[in-house]
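Heads up: the structure comes next, in C-alpha cells.
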Amino acid sequence: MGSNLARNLASRDGNTVAVFNRSPERTRLLTTEHPEANFVASETIADFVASLSKPRTAIIMVQAGAGTDAVIKSLSEHFEPGDIIVDGGNADFTDTIRREKEQSAKGLNFVGAGISGGEEGALKGPSIMPGGSVEAYKTLGPILESIAAVVDGVPCVTHVGTDGAGHFVKMIHNGIEYADMQLISEAYDLLRKVGGHSPAAIADVFTEWNSGDLESYLIEITAEVLRQVDTKTGKPFVDIVLDEAGSKGTGVWTVQNALDLGVPVGGIAEAVFARAVSSHPEQRVAFRAVVDARPEIAVVGHTFEDDVRQALYSSKVVAYAQGFDAIIAGAEKYGWKIDKGAIATIWRGGCIIRAQFLNRIVDAYANDPSIPTLLVDPYFAKAVADGEAAWRRIVSTAALSGIPVPGFGSALSYFDSLASERLPAALVQGQRDFFGAHTYKRADQPGTFHTLWSGDRTEIETEASTH
Ligand code: 6PG
C-alpha cells in the first residue's frame with residue numbers, strides 16, 4: 001500500500017517523491033519497476049530527510065504498533081520544528097493521541113491519517129481521514145487532496161479533527177466495513193443454502209443488485225470473488241478457501257471503544273464475533289459431531305409458553321458456554337491456572353447468576369476438563385438439540401411480531417455457526433484478499449495464498465499478510 005501511495009504522489013503534477021524502506025532492496029525494486037515515477041530513493045534515514053524540501057513532510061506506511069514508534073523516533077531525530085510526520089497506517093487512535101503530544105512537545109507536527117481503499121485505492125485515489133493540528137493541515141491538505149479519490153469534483157479528504165480524530169474515524173470505518181462484509185456474506189449464504197443458487201448465479205444476483213440501492217464497491221467485488229473459478233480444481237474459488245476469517249484488529253477496537261462509549265454497535269460486534277467463531281475449527285468440528293441434522297419444525301403440538309421456556313434455556317446454555325470460553329482464553333493469555341469446575345461450583349450459591357444447572361457445568365468439566373466448548377458435553381448438547389425447534393419458532397415469531405430478541409437471536413446464530421459445515425467466512429476471506437491482499441488459506445492444501453485480482457487472477461503462494 002505504501003509503494004502504491006508513493007506512486008500516486010509521484011504521478012501528480014510533476015511531483016518528485018522521496019522514498020525509503022528499511023530494506024534497500026525493496027526501495028530498489030520499486031524504483032526499477034516504476035521508472036516512469038519521479039522517485040528519489042535513499043538507503044538511510046539521514047539521506048531521506050536531507051532529500052526533502054522544507055517544511056519536510058513524511059508519510060509513514062508501516063505496521064501499526066512498535067514499528068510505527070520506531071520510525072517516528074528515527075525521523076524525529078532528524079526533523080526540525082514545523083516539519084510534518086504523517087502516520088498513514090491503521091494505528092490505534094489512542095497511540096496517535098500520545099504520539100501527537102510527544103511530537104508537538106518537540107515542535108514537530110504529527111498527523112495520524114486513516115487511509116482507506118486498499119492497494120488499488122492507494123494508487124488510484126484513496127479516501128483519507130487526517131487528524132492532527134489545523135496548522136499541519138494547511139501544508140498537508142493540498143498534498144492529500146491531490147492524491148485522494150474525487151467524487152462530484154470533491155476530493156475524498158477532510159481535516160477530521162485534532163490529534164487522534166482521523167484514526168478514530170478510520171477505526172469506525174473499518175468496523176462498518178466488517179459489518180458490511182458480514183451482511184453480504186450472510187446474504188450469499190442464504191442464497192446458496194436456502195435459495196439453492198450456485199456461486200456464479202449469486203455473482204449475477206449481486207451484479208444486478210449493484211445497479212440499485214445496494215450499489216457499492218463491496219457488492220461489486222463480492223460478485224468478482226464469487227465468479228472466480230479455482231484453476232487447480234475447477235471448483236468455485238469460494239469453495240476452496242478455508243472458511244476461517246482473519247482480522248487485523250480494527251473491528252475489535254471499534255467494539256471495545258463502543259462499549260466504553262456506551263454505544264450499541266451490535267451489527268459490528270456480531271461481525272467481529274462471526275470471524276472469531278469461524279476461527280475456532282476445534283469447536284465447530286466437535287459440535288458438529290454431537291448435533292444431528294436439523295429437526296423438522298412442527299407448527300402444531302406445542303405451547304407458546306413452553307417454546308419460550310426452551311428458547312430461554314437454550315440461549316442461557318449458550319451464554320454460559322461463551323462465558324466459560326472467555327475464562328479459558330483469559331486464563332491462557334494471562335497465565336492463570338483456573339479450575340473451571342471450581343468456578344461453576346462457587347457460582348452455585350450466593351452470586352447473582354447462581355442456578356441449578358451450574359451443577360451440570362461442574363459435571364461437564366469433571367467428565368472432561370478439556371472439552372472445546374460446554375456445548376459438546378452430552379448433557380448440554382442434548383439440551384440445546386431438544387430445544388432447537390422451539391428456539392427457531394420463537395426467534396422467527398419474534399421477528400414476525402417486531403419483538404427485539406437480540407439475546408435469543410444471536411445465541412441461535414451462534415448455535416448455527418458451530419453447527420454449519422461451511423461458513424461464509426470463506427467469502428469474507430475472498431473479499432479481504434481482493435481489496436487488501438490479506439491472503440487466505442485453502443481448505444484442500446497447506447500454505448498461504450493470494451489471487452492476483454487486479455492482474456491475471458492467477459493464484460500465487462505467498463507469506464501471510466501483516467498489513
Ligand atoms: C481499507 C481497509 C484496510 C485493511 C483493513 C482490513 O479501508 O482500505 O480497511 O485498512 O484492509 O485493515 O482489516 P482486517 O484485516 O481486520 O479485515
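The values are calculated or read from the model by the stated rules, or taken from the named source; none is laboratory data. All figures in this text were calculated on a predicted structure; none of them were measured in a lab. Virtual Cβ from ideal backbone geometry, glycine too; neighbours counted across all protein chains shown.
Key figures for this structure:
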item: Subset of segment 9-29 [crowded, with 19+ Cβ neighbours inside 10 Å and either touching a Gly at 6+ places or on another chain (Cβ under 7 Å) or assigned to a helix (DSSP H, G or I) (or both)]; result: L9, A10, T27
item: Answer residue from segment 196-216, given it is free of Cβ contacts under 8 Å to residues at least 12 places away in the same chain and either surrounded by 13 or more Cβ atoms within 10 Å (Cβ to Cβ) or assigned to a helix (DSSP H, G or I) (or both) and is nearest to the chain's Cα centre (by Cα) among those; result: L214
item: Test: residue in segment 441-448 that is at pLDDT 95 or above and either assigned by the TED database to the domain that holds S216 or within 16 Å of the ligand (Cβ to nearest atom) (or both); result: yes
item: Test: residue in segment 244-267 that is small (G, A, S), within 16 Å of the ligand (Cβ to nearest atom) and in contact with a His (Cβ under 7 Å, 6 or more places away or on another chain); result: yes
item: Evaluation of V49 against (1) more than 15 Å from the ligand (Cβ to nearest atom); (2) under 26 Å from I176 (Cα atoms); (3) not in a loop (DSSP other than H, G, I, E, B) (one fails), failing number; result: (2)
item: Single residue of E296, E305 found to be in a helix (DSSP H, G or I), in the same structural domain as Y379 (by the TED database) and surrounded by fewer than 16 Cβ atoms within 10 Å (Cβ to Cβ); result: E305
item: Count of residues meeting criterion [hydroxyl-bearing (S, T, Y) and within 15 Å of the ligand (Cβ to nearest atom)] in segment 199-243; result: 3
item: Residue tally, condition closer than 17 Å to D83 by Cβ and either modelled with pLDDT of 95 or more or surrounded by 14 or more Cβ atoms within 10 Å (Cβ to Cβ) (or both), over segment 51-63; result: 8
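Okay, residues lined up against (1) within 14 Å of the ligand (Cβ to nearest atom); (2) at pLDDT 95 or above:
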{"site": "L75", "(1), (2)": "no, yes"}
{"site": "D83", "(1), (2)": "no, yes"}
{"site": "G88", "(1), (2)": "yes, yes"}
{"site": "R99", "(1), (2)": "no, yes"}
{"site": "L108", "(1), (2)": "no, yes"}
{"site": "G118", "(1), (2)": "yes, no"}
{"site": "A122", "(1), (2)": "yes, no"}
{"site": "G131", "(1), (2)": "no, yes"}
{"site": "D152", "(1), (2)": "no, no"}
